[in-house]
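As structure tokens, the structure follows; a few thoughts come after it.
The values are calculated or read from the model by the stated rules, or taken from the named source; none is laboratory data. Remember, predicted model here, so these are calculated numbers, not experimental data. All Cβ positions, glycine included, derive from the backbone under ideal geometry; neighbour counts span all protein chains shown. Quick note on the areas: whole protein, heavy atoms, side chains included, nothing else; ligands and nucleic acids left out. Shrake-Rupley method; radii C 1.70, N 1.55, O 1.52, S 1.80 Å.
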Amino acid sequence: MQQGCDDCGLFAIAFATSLARGEQPGSFFYQQKAMRKHLVDCLEKQNITAFPIQKIRRHGSKIPNNHIQSGLV
């Protein structure tokens, strides 16, 4: 869930990236504090990769998930 109103564009790009990868973006909690740096890194490397997320276990505890390194095709 987005905190504040300054990162709408980042979330739109993160959602679009997840959709392009065949993922369901609504099932992720994006790590908002890391998103801006991630996007800048992707643009500098000219390679969009999955945004940093946290997956949620069925019991409600968060599991950190590493960046998925495959790029968009």
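Of note:
- Some residue of the range 4-23 being in contact with a Ser or Thr (Cβ under 7 Å, 6 or more places away or on another chain) and either on the phi < 0 side of the Ramachandran plot or touching a residue at least 40 places away in the same chain (Cβ under 8 Å) (or both): no
- Filtering the range 24-69 to residues that are open to solvent by 40 Å² or more (accessible area, probe 1.4 Å), modelled with pLDDT of 90 or more, over 12 Å from Phe11 (Cα atoms) and outside any loop (DSSP other than H, G, I, E, B) leaves Lys37, Val40, Asp41, Leu43, Glu44, Lys45.
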